[in-house]
Amino acid sequence: MTDFSEIQAVMVPREVLDDGQAFMRAAGLRGNEGIVLWVGQKDGPTFHVTTLAIPEQRGIRTADGICAVIEGPELARLNMELHKSKLQLIAQVHSHPGAAYHSTTDDEFAVATRIGCFSLVVPDFATRPFSFAEAAIYRINSAGQWLEAPSSLFHIAGEGGYYGAC
Ligand SMILES: [Zn+2]
């Protein structure tokens, strides 16, 4: 199992950001949080996100608030699909109704659990265009703890002269 702790840069295409944001915004209009997944391939210390995966999910309300839930069979299907397409899950992104932070539920029930994976939380039901500056960004370390990570690890593919074949 590949460990992602050596990843120092994550390249994300603009469409992946925009499409994910649009999905989460639509979920928000129904009063639900939404969750999307960034998948792609690792190339040394760089991870290239190629695809947005939107798992089948449902919004639930609990005493503590709301959550987006992915059931076990859907998770298994997703893992099978990733395995077949030789793609890997590098990050999960989900929306909150208000402030962006990683709740204890987010820590415990994360979908992306491989060491070095990322979890991003987008505020205000994703009503504004995606912005790394607005998102809360966390990364899981080898002890299984989600710690805040700098947005400088992420680059929008094709922008800022950082894209190419290498
Ligand atoms: Zn959350």
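Please indicate, with yes or no, whether at least one residue in the range 105-114 is under 15 Å from the mean Cα position of the chain (by Cα), away from the ligand (no atom under 16 Å from the Cβ) and in contact (Cβ under 8 Å) with a residue 40 or more places away in the chain.
Among the residues of the range 105-114, at least one is under 15 Å from the mean Cα position of the chain (by Cα), away from the ligand (no atom under 16 Å from the Cβ) and in contact (Cβ under 8 Å) with a residue 40 or more places away in the chain, which makes the answer yes.
Does F109 qualify as being of a type in the set (F, W, Y) and at pLDDT 95 or above?
Answer is no for this residue.
Is it the case, given these coordinates, that R128 is more than 16 Å from the ligand (Cβ to nearest atom) and of a type in the set (K, R)?
yes
Looking at (1) touching a residue at least 40 places away in the same chain (Cβ under 8 Å); (2) more than 11 Å from the chain's Cα centre (by Cα); (3) within 21 Å of Y138 (Cβ to Cβ), which one does R14 not meet, given that it meets all the others?
(3)
Which one is nearest to the ligand (Cβ to nearest atom) among residues in the range 144-166 that are at pLDDT below 95 and of a type in the set (A, V, I, L, M)?
If we take residues in the range 144-166 being at pLDDT below 95 and of a type in the set (A, V, I, L, M), then I156 is nearest to the ligand (Cβ to nearest atom).
For the range 1-92, which fully contained strands (runs of 3 or more DSSP E) count at least 3 residues that are at pLDDT below 95 and surrounded by 13 or more Cβ atoms within 10 Å (Cβ to Cβ)?
65-69
Within the range 87-99, how many residues are within 22 Å of F4 (Cβ to Cβ) and either within 11 Å of the ligand (Cβ to nearest atom) or among the small types (G, A, S) (or both)?
Adding up the residues that qualify gives 4.
The values are calculated or read from the model by the stated rules, or taken from the named source; none is laboratory data. Everything numeric here is computed off the predicted structure, so don't read it as measured data. Glycine gets a Cβ as well: all are built from the backbone with ideal geometry, and neighbour counts include every protein chain shown.
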